[in-house]
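Please read the structure below before turning to the comments.
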């Protein structure tokens, strides 16, 4: 668990360093501050209203204890064990088995499950999935994801400013090195956003590993979560989630979007096989 926390800290620091280097190269401190303020405002709004936005996007409906007593009982037990408030529970009208957690903090958390996941998993596996989602809540992954998105957003904005600066002839000067400076700006405006996106996706994958570990400890059964992940990955290929959006893919317990090879570098989720292997290693430790 400490290794994952350290990895996240290092990656966030790398994003910050990328902003400082790129910002000073292009627009100095003023350019960095302007880009940071814009990115902060946009991501703050997304963070504050994320639960309402994503629940409406997937037409989720809140479940009362009388409608889903088993799920409410499992979530209450896991939340008590994790020392966090019991989140609200929502149902997504989709046959694709999946789940996610959202909310700006543990006091405003939501756990959403699809119709498909309730039908597919047995009680122990469902408990493992719910524990994983409460792991995200306990570890404040919505906040960490928002910070990463803000920093990556600053890089994207600086890159856009750099491209326009190169097009309009700013940043190159009139000396003999003017052309070289503009060329460097163009190259950086392409490379920096890719680097920022890679770092942001690496942070997301690191938090998934941490939520797996936290969830396995909350459920007190790593094998049940491992089994659930295998079932979910297989079923998601057979029944793809047509309504899934790239902007929210990172929230789900398994990636609702397909992609392999080079695309896996930009994946928000680690390979399911690696996650299962780690969980089973926990079970025999």
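The values are calculated or read from the model by the stated rules, or taken from the named source; none is laboratory data. These numbers come from a predicted model, not from an experiment. Heads up, the Cβs are rebuilt from the backbone with ideal geometry, glycines too, and the neighbour counts pull from every protein chain shown.
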Q. Residues in segment 236-244: is at least one farther than 16 Å from residue 101 by Cα, surrounded by 19 or more Cβ atoms within 10 Å (Cβ to Cβ), modelled with pLDDT of 85 or more and assigned by TED's automatic domain parsing to the domain that holds residue 57?
A. yes
Q: For residues that are in contact with a helix residue (DSSP H, G or I) (Cβ under 8 Å, 6 or more places away or on another chain) and within 18 Å of residue 255 (Cα to Cα), tally how many sit in segment 214-238.
A: 11
Q) Of 257, 225, 232, which residue is surrounded by 22 or more Cβ atoms within 10 Å (Cβ to Cβ) and farther than 20 Å from residue 79 by Cα? A) 232
Q) Quick one: would you say residue 95 is assigned to a loop (DSSP other than H, G, I, E, B) and either under 17 Å from residue 236 (Cα atoms) or not assigned by TED's automatic domain parsing to the domain that holds residue 243 (or both)? A) yes
**Q.** Residue check, residue 165 at pLDDT below 70 and in contact with a helix residue (DSSP H, G or I) (Cβ under 8 Å, 6 or more places away or on another chain)
**A.** yes
